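Heads up: the structure comes next, in structure tokens.
Just so you know, all these numbers are worked out from the coordinates, no wet-lab data involved. Just so it is clear, the model here is predicted, and its values are computed rather than measured. Note that we place each Cβ from the backbone using ideal geometry, even for glycine, and neighbour counts take in every protein chain shown.
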Amino acid sequence: MHLSLYVWRQQNATARGKMVRYDADDINSDMSFLEMLDVVNWKLIDKGEEPIAFDHDCREGICGSCGMMINGIAHGPRRATAACQLHMRHFKDGDIIHVEPWRSRAFPVIKDLVVDRSAFDRIVGSGGYISVSTGSAPEANSIPVAKNDSDLAMDAAACIGCGACVAACPNGSASLFTAAKISHLTLLPQGQPERGQRVMKMVAAMDREHFGNCTMHRECEAVCPKSISVNFIARMNREYLRALLK
Amino acid sequence: MELNPKVPSGPIEQKWNHHCFEMKLVNPSNKRKHTIIMVGSGLAGASAAASLAELGYNVLCFCYHDSPRRAHSIAAQGGINAAKNYRNDGDSIYRLFYDTVKGGDFRSREANVYRLAQLSVNIIDQCVAQGVPFAREYSGLLDNRSFGGAQVSRTFYARGQTGQQLLLGAYQALERQIDSGSVKMYPRTEMLDLVIIEGKARGIVARNLVSGRIESYAGDAVVLATGGYGNVFYLSTNAKNSNATAIWRAYKRGAAFANPCFTQIHPTCIPVSGHYQSKLTLMSESLRNDGRIWVPKLKGDQRRPNEIPVPERDYYLERRYPSFGNLVPRDVASRAAKEICDNGRGVGEHGLSVYLDFKEAIGRLGADVIREKYGNLFEMYERITDENPYEVPMRIYPAVHYTMGGLWVDYNLMSTITGLFVTGEANFSDHGANRLGASALMQGLADGYFILPYTLSDYLARTKLDQVSTQHPSFQQSEGEIATRVNHFLGIKGKRTVDSIHQELGKLLWDHCGLVRNQQGLRLALSQIPEIRAEFWHNIKVLGSDDEINQALEKAGRVADFLELAELMCLDALEREESCGCHFREECQTPDGEAQRDDERFCNVSAWEYAGEQRPPVLHKEKLAFEYVPPTQRSYK
Amino acid sequence: MIVHSRSRSLARLWDSTVGKKVVMALTGAIGVGYVVAHMLGNLQVFAGPEKINAYAALLKSNPALLWTARTILIVAVILHIIVAYQLARISQRSRPLGYKRWRAVGSDWASRTMRWTGPFVGLFIIYHLLHFTTGTLHPAFNERDVYHNVISGFQVWYVSIIYIVAMLALSLHLYHGAWSMFESLGINHFKYNRLIRILATIVTVVVVVGFISIPIAVLLGFIS
Ligand SMILES: Cc1cc2nc3c(=O)[nH]c(=O)nc-3n(C[C@H](O)[C@H](O)[C@H](O)COP(=O)(O)OP(=O)(O)OC[C@H]3O[C@@H](n4cnc5c(N)ncnc54)[C@H](O)[C@@H]3O)c2cc1C
Ligand code: HEM
Ligand code: HEM
Ligand code: SF4
Ligand code: F3S
Ligand code: FES
């Protein structure tokens, strides 16, 4: 099939960018969206134009590297699907596809579709861990964890840190990401001792990085490749209040 | 070059504990003064960086990803082994040790494997304490499942995302240290050279992938935890950016490369669908528990699978291996599939796949039970292929998955370069000629959490290390070389994309140094690789500049290294005139077509030493002795 | 001591976006409580002038109580507006360059218009106070006859339209707000989530229908 792409091209962090039109010919419906971009890039190189830069690695929807706005939707039109897992069979011959990078003050564009998401690392660094230095762990089965809690913690821990939640949120909020990490750790007995300070520190870090606030639009949940639930955001708010009132 | 494995003396059960006691310690107040350069922040790297920083060392940690959390380790699905014996099914450290040595087809170092089995237990404790949400039972206690190559249930897992959860645990520990200032993290920074001063590894030269700046970093020791090189084949289950550059540059600075030809090929992957294919996707081999593998008996049978009556199907694994059937080990299953397809009986558009059929299991257990067990895998398959495996049999084909080869290390994980340590998949590891499922994660974490912090401290305590600065001529020279190389790539201005050359190399390697190797094919590959390499150096087209993100430029550097490594792999495969584990030499098989080891000649690690441009590498052999697990012939009949 | 630390921690709500959102939810909840009560009170117009005038007189009979309630309301509205403004600014700044193309896949109209319906309701309240409480904008205001004020007020058709439109804006604000305030306060459990959503919808419908019924009834001549 043949597609028309409009892709955001931006030379580097300081340059101004613009949408540029490309033709994508000979697109096979079994290709993934990123493979489609590969093919477009090969053609561009042939023509002597610089290929489109985009982050990617695992191409299995787990590393969280990939991510772009595809026709105005983070990771494209399929629910619970990262861009690398989106296949071209969900598009039609002749479609026009707009591709833009994540847009957020906290995620500056550094080239084309590549953004800097290190703000997420700093949020985790501010408290998204359990302080257990190597060697100090007790025997694994000495603390039982109710299966429900463990399963729910896993639901939250499934976050791949792709940033789609921020990109899709009309407020540019990182609440879903932050709440997922807080919930994962707080649901486990091992996470209890640091429960209060964790949420206070992580919320502060989130604000420091200039993310917006959550007004419960639920765009994040809808685009999240791991379908992380907004209920975790409520849980984060509860944890915050609890820590404050304690 | 001398290969001294430095295995401590004493009974195998006590070697490590004894060694720990014998090792020297660094005075706590001096630790801050030592800078350790950690390249890689996957499971092996992040765990070590965090642990070393907790001890008080000053750690500089590098990765080419935008965040440590994205390392390839994230993709591991199945699980991690540990000899906890929570099932009471007869597991023990000794049994895990035994299974691993046997699974590796007697090409690993016994003492290392024993230590790995020993430490496996601590890994689970550590990870649980970090908050890794391993699967649990209703009792609240940890669940286990069984995995290929073992008769006990010792695999811990977190849904189908075990690698992700373990990596996040290590990553969180690492971020804690970064936040506290003990670790300085350099993401999007690629190590391009190792710097050796007065015979010791003292630093690296790296390129900042955003600004393009080439920068030097000095330290007291260098650790490479840079993962495997399966991507030399272009198509593999590895993440797209996984590469051999770090270990290859270290090799060229004098680190011996061990068993480069040992590559594991996984039987249950989703087949290639076209030339644009960028990578292959693995599906858990647990599928083989209920799926039956078959192809039509008739060559070129064009009927759809459901139209082919059972008598006209060849359930070739069940036919050839009546006792193990569809559950034969990875290498056996992979080879059988390739043989069938080479015979022209493969299915699918390109004839490069075999059926994995659940019809019988669905009939027997019901679709719901199958959905419960494999729902997410079926969904993944359908997402990629657009075929519904509940109705049409899956199509599978083997794909490159893991490299057992890597830089040679002694018992302390130090390479043949003093002060250069190598951990995780990057070293030649404890898996011999074949790795058992769920043991790579175990090895990476054992190395990072529990071995390196001891052995590296010992090295620092014993070694007199003068202050070095990045102004040292060795750094300057290396920086210059790298800049020249980068400019060279940009200056070739040829016609071909780097990917197209990589694809060509991958195909050649897959055909001749893949599942099945023979002398003729390897010779052919060895004659063709230099041609591809020449084509690469003269005819690639890398656009853009070197002072901003340039992914094609990054790729060019990596493929240049793959083009050299491929040759070493073929050389190694040619030299090893035996079949062992996943190295299958056609000339060396039993009358009924099974791998035939040659313990007389090849009970050794093959460690290759770089001898300079245009000179053949020098082979050194580390003899392997099996005192505890006597070598036997594998049989799955 | 305890009181001291509690009040200090309440002040700390101001330190973060999550805390501010709690302020928003608490002040919003006061608003919700008020409109529900106000609507129920107002429905007494259907019972005739004596009832509602007596009710109005009753409310005003205790100035201390009246002013306490008014103070709470005023403070709540002011806080609500300040926080709304601050958070909206933070969110706006979080995306300096917007998308060329953006499609909603999770949010609804109500959630996306909160920033417009809120101020609109705010303006309405000012108008409304000048209309029914001070009488400044009322052509025939009689301080003692609420019944008369309401009926004669709504007999001017465009005044009724203003009210009806304002009530529709309020309905959007409530539809989202009365649900999301629970999330902001962390009152959330998979067992009750649906219930909270249903409750918020019921409150919205009841409040708005209750309010709107008055101008409509006046316009249609059911009460005069
Ligand atoms: C699909 C799949 C499934 C798997 N499932 C399992 C499983 O179920 N159980 C199991 O035990 N094993 C499994 N494995 C194997 C296992 O995942 C890997 O062997 C293991 O994760 C390797 O970890 P590592 O830390 O050594 O390397 P990696 O995780 O690959 O990390 C390498 C790190 O080095 C960095 N790096 C590399 N080169 C450079 C450079 N030049 N400069 C700077 N940084 C560099 C990278 O950025 C990265 O941080 C699986 C593998 C695959 C492909
Ligand atoms: C006076 C002018 C008002 C302004 C400027 C205003 C503005 C806002 C804004 C911007 C929000 C946040 C948007 C969101 O959470 O999605 C909000 C939330 C809310 N508002 Fe208002 N509003 C006003 C009046 C009212 C009134 C009169 C009520 C009650 C009837 C009310 C009840 C609420 C509630 C319950 C919330 C939800 C709080 C939360 O989610 O935590 N608001 N308002
Ligand atoms: C059709 C709808 C409404 C009618 C008929 C109505 C009627 C009235 C009347 C008659 C008064 C004066 C009472 C008195 O002075 O004795 C009043 C006061 C008031 N109303 Fe309304 N109202 C309506 C909707 C609203 C709404 C939607 C809000 C808020 C969002 C609101 C907020 C107020 C406030 C704050 C006062 C002042 C209370 C005080 O004196 O302390 N009203 N209303
Ligand atoms: S919460 Fe979902 S969308 Fe946000 S970073 Fe995690 S996986 Fe991506
Ligand atoms: S889209 Fe944004 S407003 Fe909240 S619910 Fe999600 S973070
Ligand atoms: S490339 Fe890893 S999630 Fe898409």
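Among the lysines, which fall within straight-line cross-link reach of C:LYS191, defined as a Cα-Cα distance under 20 Å, with same-chain neighbours fewer than 8 residues apart omitted?
Excluding near neighbours in sequence, the set is A:LYS147.
Starting from the Cα of C:LYS60, draw a straight line to each of the lysines and keep only those under 21 Å, dropping any in the same chain fewer than 8 residues away.
Those lysines meeting the cut-off are C:LYS51.
What's the average, rounded to a whole number, of partner chain beta-carbon atoms within 10 Å of each residue's beta-carbon in A:101-109?
Working: counts 2, 2, 8, 4, 6, 2, 2, 2, 1.
Other-chain Cβ atoms within 10 Å of each residue's Cβ, averaged: 3.
Please state the relative contact order of the range B:267-408 as a whole percent: Cα pairs under 8 Å, 6+ residues apart? Walk me through the intermediate numbers first.
Values: 188 pairs, mean separation 44.8, N = 142.
Relative CO of the range B:267-408 lands at 32 percent.
Hey, got the average number of other protein chain Cβ atoms within 10 angstrom for residues in A:201-210? Before the final figure, lay out the partial values.
Details: counts 1, 1, 5, 4, 1, 3, 7, 1, 1, 5.
Average per residue, whole number: 3.
Treating only the Cβ of Lys, Arg, Asp and Glu as charged (+1, +1, -1, -1), what charge dipole size does the protein assembly as shown show about its Cα centre? Round to the nearest 20 debye. Walk me through the numbers on the way to the answer.
Working: 121 positive and 109 negative charges, 686 e Å.
Using Cβ point charges on Lys, Arg, Asp and Glu, the protein assembly as shown gives about 3300 debye.
Measure nothing fancy, just the Cα-based angle from helix C:17-42's long axis to the longest principal axis of chain C, in degrees from 0 to 90, nearest 10.
20 degrees
With the Cα gyration tensor of chain C giving a ≥ b ≥ c as the square roots of its eigenvalues, does the rule (a/c under 1.5 for rounded; else a/b larger than b/c for prolate; else oblate) give rounded, prolate or oblate?
Because a/c hits 1.5 or more and a/b exceeds b/c, chain C counts as prolate.
State, as an integer percentage, the relative contact order of the range B:195-329 based on alpha-carbon contacts under 8 Å between residues 6 or more apart.
Numbers: 137 pairs, mean separation 19.1, N = 135.
Relative contact order, the range B:195-329: 14 percent.
Give the lysines reachable from B:LYS33 as a straight Cα distance under 26 Å; neighbours fewer than 8 places away on the same chain don't count.
Reachable lysines: B:LYS24, B:LYS184, B:LYS200, B:LYS464.
In debye, nearest 20, what is the charge dipole magnitude of chain B about its Cα centre with +1 on Lys and Arg Cβ and -1 on Asp and Glu Cβ, if you could check? Show your work: numbers first, answer last.
Working: 73 positive and 75 negative charges, 82 e Å.
The dipole magnitude comes to about 400 debye.
Say the dipole of the range C:87-144 comes from +1 at the beta carbon of Lys and Arg and -1 at that of Asp and Glu; which of C:PRO139, C:TRP116, C:GLN92 then lies farthest toward its positive end?
C:GLN92
In this model, which of B:LYS31/B:LYS240; A:LYS47/A:LYS92; B:LYS338/B:LYS541; A:LYS43/B:LYS279; A:LYS43/C:LYS100 are farther than 28 Å apart at the alpha-carbon? Mind dumping the intermediate values first?
Working: B:LYS31/B:LYS240 37 Å; A:LYS47/A:LYS92 26 Å; B:LYS338/B:LYS541 35 Å; A:LYS43/B:LYS279 19 Å; A:LYS43/C:LYS100 26 Å.
Flagged as over cut-off: B:LYS31/B:LYS240; B:LYS338/B:LYS541.
In what sequence do B:ARG107, B:ARG523 fall when counting other Cβ within 10 Å, fewest first? Show your work: numbers first, answer last.
Values: B:ARG107 28, B:ARG523 13.
Ordered by Cβ neighbours within 10 Å, fewest first: B:ARG523, B:ARG107.
Per residue of B:70-81, how many C-beta atoms from partner chains lie within 10 Å of its own C-beta, taken as a mean? Write down the numbers at each step before the final one.
On the way: counts 12, 3, 4, 1, 9, 7, 1, 2, 0, 0, 0, 0.
Mean partner-chain Cβ count within 10 Å for B:70-81: 3.
For q values of 0.06, 0.08, 0.09 Å⁻¹, compute log₁₀ I(q)/I(0) with the Debye formula on a Cα-only model of the protein assembly as shown, without solvent.
Once normalised to I(0) and log-transformed, intensities are -0.52, -0.86, -1.05.
Semi-axes of the range C:50-120's equivalent ellipsoid from the Cα gyration tensor, sqrt of 5 times each eigenvalue, largest first, rounded to whole Å?
Working: eigenvalues 335, 55, 9 Å².
After scaling each eigenvalue by five and taking roots: 41, 17, 7 Å.
Principal axes first, then extents: for the Cα atoms of the range B:94-204, list largest minus smallest coordinate on each axis, whole Å, largest first.
Result, largest extent first: 50, 38, 21 Å.
Could you work out Rg/(2.2 N^0.38 Å) for the range B:10-141, with Rg from alpha carbons only? Write out the running numbers ahead of the final one.
Details: Rg = 17.5 Å, N = 132, 2.2 N^0.38 = 14.1 Å.
In units of the 2.2 N^0.38 Å rule of thumb, it is 1.25.
So what are the ³J(HN,Hα) numbers for the range B:274-289, from phi and the Karplus equation (6.51, -1.76, 1.60; θ = phi - 60°), rounded to whole Hz, Gly and Pro as x?
Calculated HN-Hα couplings, in order: x, 5, 6, 3, 9, 6, 10, 10, 7, 10, 3, 6, 4, 4, 5, 5 Hz.
In whole Hz, what ³J(HN,Hα) sequence does the range B:586-599 give by Karplus (6.51, -1.76, 1.60; θ = phi - 60°), x for Gly and Pro?
In residue order, the calculated couplings are 3, 5, 10, 9, 6, x, 9, x, 9, 4, 10, 6, 10, 6 Hz.
Evaluate the charge dipole of the range B:276-348 about its Cα centre and quote only its size in Debye, nearest 20, assuming +1 on the Cβ of each Lys and Arg and -1 on the Cβ of each Asp and Glu. Please report the intermediate quantities before stating the final value.
Details: 14 positive and 10 negative charges, 20 e Å.
Here the range B:276-348 has a charge dipole of around 100 debye.
Count the net charge of all other residues whose Cβ sits under 12 Å from the Cβ of A:CYS169, scoring Lys and Arg as +1 and Asp and Glu as -1.
Net of charged neighbours comes to +2.
Quick one: which residues, 5 or more positions from B:THR189 or on another chain, have an amide H under 5 Å from its amide H? H modelled 1.01 Å from N in the peptide plane, none for Pro or chain starts.
Correct list: B:CYS63, B:TYR64, B:HIS65, B:LEU209.
Can you give me the relative contact order of chain A as a percent, contacts being Cα pairs under 8 Å and 6 or more apart? Please report the intermediate quantities before stating the final value.
Numbers: 459 pairs, mean separation 49.3, N = 246.
Over chain A, the number comes to 20 percent.
Using amide H atoms built in the peptide plane, which far-off residues or other-chain residues are under 5 Å from B:ASP314 H to H?
B:VAL295, B:LYS297
Among B:GLU175, B:GLU110, A:GLU194, which comes first, second and so on when ranked by fewest other beta-carbon atoms within 10 Å? It would help to have the intermediate numbers written out before the result.
On the way: B:GLU175 28, B:GLU110 21, A:GLU194 16.
Fewest-to-most Cβ neighbours within 10 Å comes out as A:GLU194, B:GLU110, B:GLU175.
Enter the angle in degrees (range 0 to 90, nearest 10) between the Cα long axis of helix A:175-186 and the first principal axis of the Cα atoms of chain A, meaning the one along which they spread out most.
Its long axis makes an angle of about 40 degrees.
Tilt of helix B:93-103 relative to the longest C-alpha principal axis of chain B, in degrees (0 to 90, nearest 10)?
70 degrees
So what are the radius of gyration and Dmax for the Cα set of the range B:552-637, in Å?
Values for the range B:552-637 (Cα only, Rg and Dmax): 16.6, 50 Å.
DSSP beta bridges in the protein assembly as shown, what fraction antiparallel, as a percent rounded to 5? Walk me through the numbers before you get to the answer.
On the way: 59 of 84 bridges.
Rounded to the nearest five, the antiparallel share is 70 percent.
How do the peptides A:127-134, A:140-147 rank, highest first, by the average count of neighbouring beta carbon atoms within 10 Å per residue?
Final packing ranking: A:127-134, A:140-147.
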